[in-house]
Amino acid sequence: MGEEILSAEETETSLLGLLLFGVVWAVTGPACLPGQNLFGLVILFLSAVCGGKLISACRLPRTPPIPALLGMLLAGVVLRNVPYVTAAVSVDQSWSAALRNVSLAVILTRAGLGLNAAALKRLKAVCVRLAVGPCVLEACTVAVVSHFLLDLPWIWSFMLGCVLAAVSPAVVVPSMLILQAEGFGVEKGVPTLLMAAGSFDDILAITGFTTCLGVAFGTGSTWMNVGKGVLEVLAGVLAGGVMGVLLHFFPSQDQSDVVLRRSCLLLGLSVFSVFASLAAGLGGAGGLCTLVLAFIAGLSWAEHKAPVAAVVGRFWDVFQPLLFGLIGAEISISSLSAYTVGLGVATLCVGLLVRVLVTSCVVLFAGFNMKEKIFISLAWMPKATVQAALGSTALDMARSAGDEQLQKYGMDVLTVAVLAILVTAPVGALAIGLTGPKLLQRDTHTRDQCEHESNHADRLETKL
């Protein structure tokens, strides 16, 4: 029965893909021929979706699936680097940059809605240490190492450090939910701790990246550029707060289709914030503004936030393949030097080593045993979503400025961000899935409840 459902889902996906291509071709005609932007976007999107499904199907028993985003990224890399295919499936850089910015707005909106205000209020000291300590020290370590190994200027080194310092909720959260459902680590609250700290880890990394971005593309003295970076952070927080409060009153709850109206306004303001900040020369403010806007709006909607978050999640289902596919399509293997890739991997490994060691230290006096400390350190490695969302931002701004040297720095940042996704996303997911049942204690009550629900489901399937 499960195989029949899976087969039906695959057939439906294939038909929808063909329908999408047919509709675009019928509307645009010659603009959808090979070599044109629309053809490239449709094929890239469909390839990324298929790549995500294929990579997710590869899994070991009792382990979480490999994140679909890895397959989406690899699909983009393949389309960019296979002869003849590259010429047919091409997307203009301005189109690619615009779509990546829209995707950035969507994922940051989703992250803002996912923040739990109640958890923030009762945040324990260990959660604060886990969110701040590894993130800050890894960012500083990567900055120092990349400055000397990759020959990046200090501000670009710290920008790369902030990009790599963020942990990936797209990998950590699903893996933690699987372990939590089976009762592993529930008694000590390990899954809850990691899921709560992950969001604040990302906020810290995004804020640092925003500040560095403002300084890197500022003109004038160093102190003026630093002041401009801080101004971008303040402007983003203030603008996001004002728009978030606005969404508390508009639309009012007595209107029809209030969920649809709220979703449209939230996503519209988020996309507007990202593009308006770029137009105003405050490129770093847009992402932070979107994050604050979504958080405050969700806070004001309280229990009515869930339906809006579900709509935003549907939008992310569409833009996730586009984002990772377009990021992969930026990487031309022939133009990469083994020297840059090798040093990039070395920089990444040093940063990961520091992260693991610091994570082990910050949970020393938190009531965890040695096995739990080892698991928390391993689970704090995966990187994916933030790296894809922010990795190309500096490159896009460098292209807009027309500075070849800045474009080189931007490409180095993007290359190391992609390497981080390729290395840590599958390794981190497998490490969590394989070590979780071995290192974490299993709560008896949760285990019995899961077994009861599983037996009940089996009986129902037998009757059917």
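The values are calculated or read from the model by the stated rules, or taken from the named source; none is laboratory data. The shown structure was predicted, so the numbers you read here are calculated from the model rather than taken from an experiment. Using ideal geometry, Cβ is built from the backbone for each residue, glycine included, and neighbour counts are taken over all protein chains shown. Ligands, DNA and RNA are excluded from the accessible area calculation, which covers all protein heavy atoms including side chains. Shrake-Rupley method; radii C 1.70, N 1.55, O 1.52, S 1.80 Å.
Suppose the filter is buried (at least 17 other Cβ atoms within 10 Å of the Cβ) and in contact (Cβ under 8 Å) with a residue 24 or more places away in the chain; does SER377 pass it? Walk me through how you get there before you give the answer.
Numbers: buried (at least 17 other Cβ atoms within 10 Å of the Cβ): yes; in contact (Cβ under 8 Å) with a residue 24 or more places away in the chain: no.
Spelling it out, it is not the case that SER377 is buried (at least 17 other Cβ atoms within 10 Å of the Cβ) and in contact (Cβ under 8 Å) with a residue 24 or more places away in the chain.
Considering only the stretch 238-258, state which residues are surrounded by fewer than 16 Cβ atoms within 10 Å (Cβ to Cβ) and either assigned to a helix (DSSP H, G or I) or at pLDDT 80 or above (or both).
So in the stretch 238-258, the residues surrounded by fewer than 16 Cβ atoms within 10 Å (Cβ to Cβ) come out as 238, 241-242, 245-246, 248-250, 252-257.
Those that are surrounded by fewer than 16 Cβ atoms within 10 Å (Cβ to Cβ) and either assigned to a helix (DSSP H, G or I) or at pLDDT 80 or above (or both): LEU238, GLY241, VAL242, VAL245, LEU246, HIS248, PHE249, PHE250, ASP257.
So, LEU357, is that one part of a helix (DSSP H, G or I) and open to solvent by less than 50 Å² (accessible area, probe 1.4 Å) or not? Reasoning before the result, please.
Details: part of a helix (DSSP H, G or I): yes; open to solvent by less than 50 Å² (accessible area, probe 1.4 Å): no.
Here the answer is no, as LEU357 does not meet what is asked.
Would the stretch 266-279 turn up any residue that is at pLDDT below 85, farther than 30 Å from LEU149 by Cα and open to solvent by 50 Å² or more (accessible area, probe 1.4 Å)?
yes
Counting just the residues of the stretch 1-28 that are loosely packed, with under 10 Cβ neighbours inside 10 Å and assigned to a helix (DSSP H, G or I), which one comes out modelled with the highest pLDDT? Let's see the steps before the verdict.
Our first condition is that a residue be loosely packed, with under 10 Cβ neighbours inside 10 Å; within the stretch 1-28, this holds for 1-5, 26.
Filter again for assigned to a helix (DSSP H, G or I), leaving 2-5, 26.
Details: GLY2: 42, GLU3: 43, GLU4: 44, ILE5: 44, ALA26: 83.
The qualifying residue modelled with the highest pLDDT is ALA26.
Sort out which residues of the stretch 72-97 are surrounded by fewer than 21 Cβ atoms within 10 Å (Cβ to Cβ), in a helix (DSSP H, G or I) and not hydrophobic (A, V, I, L, M, F, W, C), and write them in order of number.
Those that are surrounded by fewer than 21 Cβ atoms within 10 Å (Cβ to Cβ), in a helix (DSSP H, G or I) and not hydrophobic (A, V, I, L, M, F, W, C): ASN81, THR86, GLN93, SER94.
Failed condition for PHE158, given (1) modelled with pLDDT of 80 or more; (2) open to solvent by less than 10 Å² (accessible area, probe 1.4 Å), with all others met?
The failed condition is (2).
Evaluate the stretch 366-374: report whether one residue or more is part of a helix (DSSP H, G or I), charged (D, E, K, R) and out of contact with any Lys or Arg (no Cβ under 9 Å at 6 or more places or on another chain). Step through it out loud before you land on a result.
Of the residues in the stretch 366-374, the ones part of a helix (DSSP H, G or I) are 370-374.
If we keep only those that are charged (D, E, K, R) as well, we get 371-373.
Applying the additional criterion that residues be out of contact with any Lys or Arg (no Cβ under 9 Å at 6 or more places or on another chain) yields 373.
Checked against the condition, which is being part of a helix (DSSP H, G or I), charged (D, E, K, R) and out of contact with any Lys or Arg (no Cβ under 9 Å at 6 or more places or on another chain), the stretch 366-374 yields at least one hit.
Just to be sure, is PRO153 of a type outside the set (A, V, I, L, M), over 18 Å from TRP380 (Cα atoms), open to solvent by less than 50 Å² (accessible area, probe 1.4 Å) and at pLDDT 80 or above?
Values: of a type outside the set (A, V, I, L, M): yes; over 18 Å from TRP380 (Cα atoms): yes; open to solvent by less than 50 Å² (accessible area, probe 1.4 Å): yes; at pLDDT 80 or above: yes.
Against the criterion (of a type outside the set (A, V, I, L, M), over 18 Å from TRP380 (Cα atoms), open to solvent by less than 50 Å² (accessible area, probe 1.4 Å) and at pLDDT 80 or above), PRO153 qualifies.
If the requirement is being surrounded by fewer than 24 Cβ atoms within 10 Å (Cβ to Cβ), modelled with pLDDT of 85 or more and in a helix (DSSP H, G or I), which of these qualifies: LEU414, LEU422? Before you say what the answer is, go through the steps one by one.
Values: LEU414 fails: surrounded by fewer than 24 Cβ atoms within 10 Å (Cβ to Cβ).
Unique residue meeting the criteria: LEU422.
Residue-wise test of (1) small (Gly, Ala, Ser); (2) at pLDDT 85 or above.
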| residue | (1), (2) |
| --- | --- |
| MET370 | no, yes |
| LYS383 | no, yes |
| ASP403 | no, no |
| LYS408 | no, yes |
| LEU430 | no, no |
| CYS450 | no, no |
| ALA457 | yes, no |
| LYS463 | no, no |
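Collect the residues in the stretch 178-198 that are farther than 20 Å from VAL386 by Cα, under 24 Å from the mean Cα position of the chain (by Cα), open to solvent by 20 Å² or more (accessible area, probe 1.4 Å) and among the hydrophobic types (A, V, I, L, M, F, W, C), keeping them in residue-number order.
Within the stretch 178-198, ILE178, ALA181 qualify.
Among (1) open to solvent by 30 Å² or more (accessible area, probe 1.4 Å); (2) aromatic (Phe, Trp, Tyr); (3) closer than 14 Å to ALA111 by Cα, where does PHE319 come up short?
PHE319 satisfies all of (1) open to solvent by 30 Å² or more (accessible area, probe 1.4 Å); (2) aromatic (Phe, Trp, Tyr); (3) closer than 14 Å to ALA111 by Cα except (3).
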